[in-house]
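Heads up, the thing below is written out as structure tokens.
The values are calculated or read from the model by the stated rules, or taken from the named source; none is laboratory data. Please read these numbers as outputs of a predicted model, since none were measured by experiment. Cβ placement follows ideal geometry from the backbone for every residue including glycine, while neighbour counts extend to all protein chains displayed. The area values use the complete protein model at the heavy-atom level, side chains included, leaving out ligands, DNA and RNA. Shrake-Rupley method; radii C 1.70, N 1.55, O 1.52, S 1.80 Å.
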Amino acid sequence: MNLERVSNEEKLGLCRKYYLGGFAFLPFLWLVNVVWFFQDAFIKPAYTEQLQIKAYVKRSGLGLALWVAVLTTWITIYQHYRAQWGEVGDSLSFTIPLGIP
């Protein structure tokens, strides 16, 4: 998508939709929001919608960082303690590794 062809009002609407969509457990939308709108929010000359876009980009970045931290923590804990959790650890997995942990 070429954001140069879109009006500033439409950019704001799209940025807001991606920001709100991230709350539906879709943090990838926050990543897209940050990547697509970073230049419009922080590098381009000032325009009326820029403050709102900047707020959405900052919040999307913060939400993405929080998701990455939580997911990394969970993956680390699960990988470390799965064998100790026994059947519960196995039932949380899609695939059960074979062999002795």
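Are there any pairs, at least 6 apart or on different chains, whose C-beta atoms fall under 8 Å, with the first in segment 1-18 and on the phi > 0 side of the Ramachandran plot and the second part of a helix (DSSP H, G or I) and among the hydroxyl-bearing types (Ser, Thr, Tyr), and if so, which?
Partner pairs satisfying both residue conditions: none exist.
Suppose we keep only residues that are assigned to a loop (DSSP other than H, G, I, E, B) and open to solvent by less than 70 Å² (accessible area, probe 1.4 Å) within segment 44-96. Which one would you say is nearest to residue 26 (Cα to Cα)?
The first filter runs over segment 44-96 and keeps only residues assigned to a loop (DSSP other than H, G, I, E, B), leaving 44-49, 86, 92-96.
Retained after the next criterion (residues that are open to solvent by less than 70 Å² (accessible area, probe 1.4 Å)): 44, 47, 49, 86, 93.
Details: 44: 28, 47: 29, 49: 25, 86: 30, 93: 21 Å.
The residue in question is 93.
If you go through segment 1-43 one residue at a time, how many are surrounded by fewer than 19 Cβ atoms within 10 Å (Cβ to Cβ) and among the aromatic types (Phe, Trp, Tyr)?
Residues that pass the stated criteria total 6.
For the structure I just gave you, tell me whether residue 75 is free of Cβ contacts under 8 Å to residues at least 40 places away in the same chain and among the aliphatic types (A, V, I, L, M).
Numbers: free of Cβ contacts under 8 Å to residues at least 40 places away in the same chain: yes; among the aliphatic types (A, V, I, L, M): yes.
Taking the combined requirement at face value, the residue satisfies it.
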